[in-house]
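Here's the structure we're looking at; comments come further down.
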Amino acid sequence: QVQLVESGGGLVQAGGSLRLSCAASGRAVYTYVMGWFRQAPGKDREFVAAISEGGTTGYSDPVKGRFTISRDNAKNTMYLQMNNLKPEDTAAYYCASSRSRAYIPRNGIGYDYWGQGTQVTVSS
């Protein structure tokens with residue numbers, strides 16, 4: 001049974017930083033593509049970032065240059081470092097695990113396990 005548990009969300013002022021963590025069990029984070037998605041109230045879930053088995057990363061345009069995805073294989077944990085946060089980054093953030101190893105899906109359909117989410121709120 002694969003379980004993903006996010007942590008690290010909170011309230012931060014615009015321009016601030018947060019680091020989200022996604023602790024995995026039942027599947028090694030380095031064997032499949034792992035990704036982050038977010039969903040703001042009244043909006044569709046959107047792709048944020050992902051990292052492949054080989055370490056290739058992909059980012060959505062709104063976060064490119066501000067967010068960094070990484071993983072610690074020994075801790076079986078994935079991270080999302082978020083810098084220069086903006087009010088429009090406010091959303092529930094979810095980590096997800098895909099069946100893909102190299103190709104990075106940017107649609108949630110490509111992921112088969114999801115965490116429960118952690119809220120990020122950025123005040124202006």
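The values are calculated or read from the model by the stated rules, or taken from the named source; none is laboratory data. Small disclaimer: the values here were computed from a predicted structure and weren't measured. Note that we place each Cβ from the backbone using ideal geometry, even for glycine, and neighbour counts take in every protein chain shown. Please note that ligands, DNA and RNA were not included when accessible areas were found on the heavy atoms of the full protein model with its side chains. Shrake-Rupley method; radii C 1.70, N 1.55, O 1.52, S 1.80 Å.
In region 27-60, of all residues being open to solvent by 30 Å² or more (accessible area, probe 1.4 Å) and closer than 20 Å to SER17 by Cβ, the one that is nearest to the chain's Cα centre (by Cα) corresponds to TYR59. Total residues in region 46-61 satisfying the condition of being farther than 17 Å from GLY117 by Cβ, in contact (Cβ under 8 Å) with a residue 12 or more places away in the chain and of a type in the set (Phe, Trp, Tyr): the figure is 0. So is ASN73 surrounded by fewer than 17 Cβ atoms within 10 Å (Cβ to Cβ) and touching a Phe, Trp or Tyr at 6+ places or on another chain (Cβ under 6 Å) or not? Taking the combined requirement at face value, the residue satisfies it.
Regarding THR31, is this residue free of Cβ contacts under 8 Å to residues at least 60 places away in the same chain and polar (S, T, N, Q)? No, not satisfied. Residues in region 81-116 that are closer than 23 Å to SER17 by Cβ and aromatic (Phe, Trp, Tyr): TYR93, TYR94. When restricted to residues that are in contact with a strand residue (DSSP E or B) (Cβ under 6 Å, 6 or more places away or on another chain), under 21 Å from GLN3 (Cβ atoms) and part of a loop (DSSP other than H, G, I, E, B), region 70-102 contains 2. Cβ-Cβ contacts under 7 Å between residues 6 or more apart (or on different chains), taken from a first residue in region 97-118 that is at positive phi to a second residue that is outside any loop (DSSP other than H, G, I, E, B), are listed as GLY117/GLU6; GLY117/ALA92; GLY117/TYR93; GLY117/TYR94. Inspect region 103-119 for any residue being open to solvent by less than 60 Å² (accessible area, probe 1.4 Å), part of a strand (DSSP E or B) and among the hydrophobic types (A, V, I, L, M, F, W, C) and give the result as yes or no. Checking region 103-119: not a single residue is open to solvent by less than 60 Å² (accessible area, probe 1.4 Å), part of a strand (DSSP E or B) and among the hydrophobic types (A, V, I, L, M, F, W, C).
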